[in-house]
Amino acid sequence: MDNPVIVAIDGPSGTGKSSTSKAVAAKLGLSYLDTGAQYRAITWWMLTNGIDVNDPAAVADSAGKPVIVSGTDPLDPQISVDGADATAPIRSQEVTAAVSAVSAVPEVRARMVEVQRAAAASAAAGIVVEGRDIGTTVLPDATAKIFLTASAGVRAARRSTELKGAVSVAATQEALTRRDAADSGRKTSPLAKAADAIEVDTSELTLDQVVDRVVALVEQKRATVR
Ligand SMILES: Nc1ncnc2c1ncn2[C@@H]1O[C@H](COP(=O)(O)OP(=O)(O)O)[C@@H](O)[C@H]1O
Ligand SMILES: Nc1ccn([C@H]2C[C@H](O)[C@@H](COP(=O)(O)OP(=O)(O)O)O2)c(=O)n1
């Protein structure tokens, strides 16, 4: 049997990581892991348990408490916290506003990285893992590393459409830019392109075009390591 295929997909918010990763995993028969959902889940737990998310010591003290379980089916990605389905509440604006602060805490990252590596190790055929530090830190030996980008305006327009226009494109762009700066500027495993990652600018591409390009890159890499 072929070696498991590990695909790392990183990039800022709204570049198409989740849509692309799910479609690539489904096409290639691989598992799928959304690590952003895990950071959102721990943030949701902190907020619902009254932890001050702006107090890194309080967040660190509680980092080991919630039990976060991620499904790895690209057609039905689910996530639970302490046994309760968290798929919808982790997408709230409140969680989005707090997630960068929580995910900057080293104790939170250490815990999540452990869970992420275990998920990758147990995926028999292989896995597509998306996030911010997958190619640099979580899975530096991945078969293929992709770094998705898109202009800030395009990313904000995509997110605003997703929110059905409830938040203006300008306000969305401001929030995205602020979160990217926090995610790129933190000390522990910031958002960064790995030296050996292939950058794909999705600004002018349809989702199908991005998926086709990433599948081709993975197939190319797989052929060289077989
Ligand atoms: N290439 C693309 N062209 C147009 N819209 C896209 C493209 N890729 C993703 N989208 C849309 O943009 C939004 C954000 O995509 P998502 O996959 O959630 O990005 P990320 O995971 O990087 O934040 C979604 O509504 C998605 O349908
Ligand atoms: N590997 C990762 C994945 C996400 N994070 C943090 C930083 C991000 O702002 C949040 C949320 O990630 P998510 O991918 O859900 O964000 P978007 O849906 O792209 O807006 O989690 C991280 O620090 N490391």
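Rounded to a whole number, what % of the accessible area of the chain do carbon and sulfur atoms account for, probe 1.4 Å? Please list the in-between numbers first.
Values: 5690 of 10520 Å².
Of the solvent-accessible surface of the chain, carbon and sulfur hold 54 percent.
Ranking Val210, Ile79, Ala125 by how far each Cα lies toward the positive end of the dipole of the chain (charges on Cβ) leaves Val210 at the top. Note on Ile90: accessible area is roughly 0 Å² with a 1.4 Å probe, heavy atoms of protein only. Between Val167, Val113, Val81, the GNM of the chain built on Cα springs shorter than 10 angstrom shows Val167 fluctuating the most. So, counting K/R as plus one and D/E as minus one, what does the shell of residues with Cβ under 14 Å around Thr48 add up to? Net local charge, Thr48 excluded: -2.
When the alpha carbon gyration tensor of the chain is reduced to an equivalent ellipsoid, its three semi-axes come out at 26, 22, 16 angstrom, largest first.
Here the dipole of the chain is about 220 debye; that uses its Cα centre as origin and unit charges on the Cβ of Lys and Arg (positive) and Asp and Glu (negative). A dipole drawn for the range 157-226 from +1 and -1 charges on Cβ atoms has a positive end, and of Val200, Ala182, Leu163 the residue lying farthest that way is Ala182.
Using a probe of 1.4 angstrom and keeping all protein chains present, the accessible surface of the range 131-218 works out to 50 square angstrom per residue.
The values are calculated or read from the model by the stated rules, or taken from the named source; none is laboratory data. Bear in mind that the values here come from a model prediction, so they are computed numbers and not experimental data. Glycine gets a Cβ as well: all are built from the backbone with ideal geometry, and neighbour counts include every protein chain shown. Note: accessible area is taken over every heavy atom of the protein model, side chains too, but ligands, DNA and RNA are not part of it. Shrake-Rupley method; radii C 1.70, N 1.55, O 1.52, S 1.80 Å.
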